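The structure appears below as C-alpha cells.
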Amino acid sequence: MKKSSEECYSDQASFEKEIDLRVYIKVLKKRRVLIAAITLLAVLTSGVLSYFVLSPVYEARTILLVTQAADRSQAVAQKDDLSSIVNSVARIPILTMNTYVGQIKSEALMQRVIDKLRLAERGYKATSLAEQIKTTAARDSYLIDVTVTDNDPQLAADIANALNHELMGMITEKNQEQMDQSVKFLEQKMEQVRADMAKATLQSERDRLESMLALLSEGITRTQIARSIDLGSTSLVVVSSAMPPAGPVKPNKKLNITVAFLLGLMASVVLAFVLEFLDNTIKTSEDVTQQLELPVVGLIPVADNRARS
C-alpha cells in the first residue's frame with residue numbers, strides 16, 4: 001500500500017524534528033559544565049548579595065480614619081448678598097480624600113517630621129523622606145493606609161507615628177490660619193459698615209446697616225468658634241498606630257536566589273547554543289559528515305609514544 005504525498009511529507013517533518021531535538025540535547029550535554037558553572041555562579045552571587053551586601057528594609061504601617069471628608073470638590077455658587085458671604089467665610093473647610101492623601105507626602109509635613117525626630121542629623125531630607133512613604137486611600141471607604149520603609153525598624157515606626165501627629169497639627173494650624181483671615185475680613189467689613197452708618201441720614205438706611213453689623217458680628221463669633229476647634233483631631237482618627245516590624249520586607253532572599261537560578265540557567269543555555277553556532281572547527285567524524293557532507297572512510301588513531309616503545 002503506497003503512502004500519499006501528504007503522509008510522506010508528514011513523516012519527513014517528524015523525522016527532521018526528531019533529529020533537531022537530538023542535536024539540541026547533544027549541545028546541552030556537550031556544554032553541561034558551562035551551563036552548570038554559570039547557573040551556580042548566578043545563584044552564589046545572588047546569595048552573597050542578599051545575605052551579606054544588601055541592607056534589610058523594614059516596613060511600618062499605620063491606618064488613619066477620615067471622619068470629615070467631602071466626596072468630591074464642589075464649586076459653591078457665590079451670591080452677592082452679605083448673608084451668603086458671611087456663611088461662606090465662617091464655614092470650616094472640609095477636605096476631600098485626595099487632599100488628605102496629598103498633604104501626607106507634602107514637603108512641609110516631611111520637614112515637620114524631620115524637625116520633630118531630628119532626622120536632619122542623620123542626613124534625611126524632605127524629598128528623600130517622601131520617597132520612603134507610601135499612602136493609599138482604600139476604595140469606598142474613608143481609610144488611609146500609610147506605610148513607611150527604613151533600614152531601622154524602630155525608626156520606621158517612629159516616622160509613621162510622628163507623621164500622624166504632625167499631620168493633625170498641620171491641619172489644625174491651617175484651619176486656624178484660614179479662620180484668622182476670615183475674622184480679619186469680617187472686621188474690615190464691619191469698619192466699612194460703621195463708616196457708612198456714620199454718614200447715613202435716613203432711618204431706613206441706618207436700620208439696614210445695623211442689621212448688617214449684627215450679621216457680621218454673628219459671623220465673627222462663629223468664625224472664632226470654628227478657629228478654636230482642633231480640626232486635625234476631629235477630622236482624623238488613628239485607627240492603628242505603627243509598631244516596629246518583626247522582620248524585613250526586603251531583600252526577599254529565597255525569591256532572589258530563585259530568580260537568579262532561572263536567569264542563570266536561561267543565560268547559560270543561550271550562551272551554549274551561541275558558542276556551538278560559532279564553533280566551525282572539525283573534531284569528530286560526525287563533524288566531517290555534518291559539515292562537509294562526505295562519507296568517512298577510516299580513522300587514524302592517535303599514536304602514543306609510550307605504547308610504541
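Please treat every number below as a calculation from the coordinates, not as lab data. A quick note: this is a predicted structure, and the numbers were derived from the prediction, not measured. As a convention, Cβ positions derive from the backbone with ideal geometry for all residues, glycine included, and neighbour counts pool all protein chains shown.
Can you give me the long-range amide H partners of Leu54? Hydrogens built in the peptide plane at 1.01 Å from N, cutoff under 5 Å, separation of 5 or more residues or another chain.
For Leu54, whose amide H was placed from the backbone, there are no distant partners under 5 Å.
For the stretch 58-240, what proportion of DSSP beta bridges, expressed in % and rounded to the nearest 5, is antiparallel?
Rounded to the nearest five, the antiparallel share is 95 percent.
Relative to the present Cα-Cα distance, how much length would full extension add between Lys184 and Lys30 at 0.36 nm per residue of separation?
That pair, Lys184 and Lys30, stretches by 46.7 nm at full extension.
Residues in the stretch 179-197, backbone N under 20 Å from the label point at Leu213 (7 Å along the Cα-to-beta-carbon vector): list them, ranges by number please.
Label zone hits: 183-197.
Report, in listed order, any pair from Lys116/Lys254; Lys174/Lys250; Lys105/Lys250; Lys125/Lys174; Lys134/Lys253 with a Cα-Cα distance greater than 27 Å.
Violating the 27 Å Cα-Cα cut-off are Lys116/Lys254; Lys174/Lys250.
Quote to one decimal, in nm, the extra length available between Arg194 and Leu21 on full extension: 0.36 nm per residue of separation minus the C-alpha distance between them.
The span from Arg194 to Leu21 would gain 52.3 nm if fully extended.
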